[in-house]
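A short write-up of the structure that comes next.
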Amino acid sequence: MSKTHRLDLLNNSISYFREAVAYAQQDSTETNHWKFAILHVVQAMELAFKERLRRIHPVFIYESVDRPDKTISLRSALSRLRNPQIGNIPITDVERGKIEKAFDLRSDLTHFEFNHSHDHIELKFAEIFSFMIFFYRSHLNLETVAFIDEEAHNNIIKLVKTRAELMERAKTYIASRGDATVWMCLSCQEDTFLVSEEQCCFCHHKERIVECPTCGTENFESELVDISDLFDWDYDEGRMVLVENFGLEESACPECISETKQKIEDIRRSQYDEDRAMEEYYARKGS
């Protein structure tokens with residue numbers, strides 16, 4: 001890898017980071033500014049991840065070490081950085097979740113499926129900004145001045161402090177609800193989702209809480225898995241017709257999937273054994 005290529009990863013990461021900060025500092029409530037801030041800060045993070053992997057060994061920035069023609073995705077880079085045999089960087093599951101949510105947010109924007117609120121985007125930016133400050137300093141050995149000037153840093157810190165204030169208010173609200181059940185919110189990855197209100201009191205994400213038809217436990221509606229493909233279907237006059245659902249509903253929680261698959265397999269085997277027994281019975285009777 002040439003010196004120019006080596007420098008490009010780091011310099012481009014810093015350039016994207018500075019652009020992200022510039023958009024975030026704009027004195028405007030326009031969501032578009034935050035969209036571009038997210039785009040740039042996530043791109044900065046992806047390039048920084050690759051730079052850290054390159055420093056371990058240049059081949060680690062490629063999808064295949066045998067074919068160095070395509071660099072890895074952000075998710076793959078994150079996985080390699082967390083791998084004890086490669087990066088061995090202590091990125092927690094919570095941090096990983098926030099990083100992946102930011103990556104998904106960027107994907108939503110680039111595919112024109114963007115329907116997130118201004119507050120949600122700002123919160124995501126604050127999370128990744130805070131993470132990148134830590135990453136640049138701790139894992140790329142950069143001084144703060146190398147990637148952000150003091151004035152810009154102080155301006156963005158205000159956003160992070162605002163986020164902390166919002167979190168404090170959310171915790172106060174949760175405490176006021178007594179013994180209310182609180183889950184980790186699927187959107188912001190914080191333990192601020194009030195089950196009774198079906199809403200996160202931090203990022204205000206709303207989602208129905210439903211019972212798993214199989215075990216009866218409560219789950220986020222989006223976490224239930226469609227299991228109808230496990231049923232027996234037939235093709236009749238241009239449409240699929242359900243033949244056997246084995247007494248099950250069409251969805252189940254993730255914890256029930258393995259048990260449900262085994263139950264269906266046991267029923268199929270039992271039916272097969274019964275059919276074989278009947279065939280043998282009539283065969284003996286007719287002989």
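Considering region 67-170, the qualifying helices (runs of 4 or more DSSP H), each wholly inside and each with 2 or more residues that are in contact with a helix residue (DSSP H, G or I) (Cβ under 9 Å, 6 or more places away or on another chain) and closer than 20 Å to Thr192 by Cα, run over 93-110, 118-139.
Determine, yes or no, whether Leu186 is in a helix (DSSP H, G or I) and either over 23 Å from the mean Cα position of the chain (by Cα) or surrounded by 13 or more Cβ atoms within 10 Å (Cβ to Cβ) (or both).
Details: in a helix (DSSP H, G or I): no; either over 23 Å from the mean Cα position of the chain (by Cα) or surrounded by 13 or more Cβ atoms within 10 Å (Cβ to Cβ) (or both): yes.
The answer is no for Leu186.
Scanning region 52-66 for residues being assigned to a helix (DSSP H, G or I) and either within 15 Å of Leu140 (Cα to Cα) or of a type outside the set (Val, Ile, Thr) (or both) gives a total of 7. For region 18-27, the count of residues that are buried (at least 16 other Cβ atoms within 10 Å of the Cβ), assigned to a helix (DSSP H, G or I), touching a residue at least 60 places away in the same chain (Cβ under 8 Å) and within 22 Å of the chain's Cα centre (by Cα) is nonzero.
Of all residues in region 102-121, those that are modelled with pLDDT under 75 and touching a Ser or Thr at 6+ places or on another chain (Cβ under 9 Å) total 5.
Taken together, the residues in region 193-214 that are in a strand (DSSP E or B) and out of contact with any Lys or Arg (no Cβ under 9 Å at 6 or more places or on another chain) amount to 5. In region 189-203, which residue that is closer than 27 Å to Phe103 by Cβ and out of contact with any strand residue (DSSP E or B) (no Cβ under 8 Å at 6 or more places or on another chain) is surrounded by the most Cβ atoms within 10 Å (Cβ to Cβ)? The qualifying residue surrounded by the most Cβ atoms within 10 Å (Cβ to Cβ) is Phe202. Of all residues in region 232-264, those that are in contact (Cβ under 8 Å) with a residue 24 or more places away in the chain and either over 28 Å from Ser196 (Cα atoms) or assigned to a helix (DSSP H, G or I) (or both) total 8.
Could you give every pair whose Cβ atoms fall below 8 Å, whose first residue belongs to region 150-175 and is in contact (Cβ under 8 Å) with a residue 24 or more places away in the chain, and whose second residue is of a type in the set (Lys, Arg), counting only separations of at least 6 or pairs across chains? Matching pairs, first to second residue: Ala152/Arg18. Only one of the numbered conditions (1) modelled with pLDDT of 85 or more; (2) in the same structural domain as Phe131 (by TED's automatic domain parsing) is not met by Arg163, and that is (1).
List pairs: first residue in region 265-287 and within 24 Å of Val243 (Cβ to Cβ), second residue surrounded by 10 or more Cβ atoms within 10 Å (Cβ to Cβ) and of a type in the set (Ser, Thr, Tyr) anywhere in the structure, Cβ distance under 8 angstrom, at least six positions apart or on different chains. Correct list of pairs: empty, since none qualify. Selection within region 216-240: residues that are under 15 Å from Glu265 (Cα atoms) and not aromatic (Phe, Trp, Tyr). The member of this set that is surrounded by the most Cβ atoms within 10 Å (Cβ to Cβ) is Ile227.
Step by step: first the residues of region 251-263, then only those that are farther than 15 Å from Ser222 by Cβ and in contact with a helix residue (DSSP H, G or I) (Cβ under 8 Å, 6 or more places away or on another chain), then the one that is surrounded by the fewest Cβ atoms within 10 Å (Cβ to Cβ). Which residue is that? Ranking the qualifying residues of region 251-263, first place goes to Lys261.
The values are calculated or read from the model by the stated rules, or taken from the named source; none is laboratory data. Small disclaimer: the values here were computed from a predicted structure and weren't measured. Positions of Cβ are generated from backbone atoms using ideal geometry, with glycine treated the same way; all protein chains shown enter the neighbour counts.
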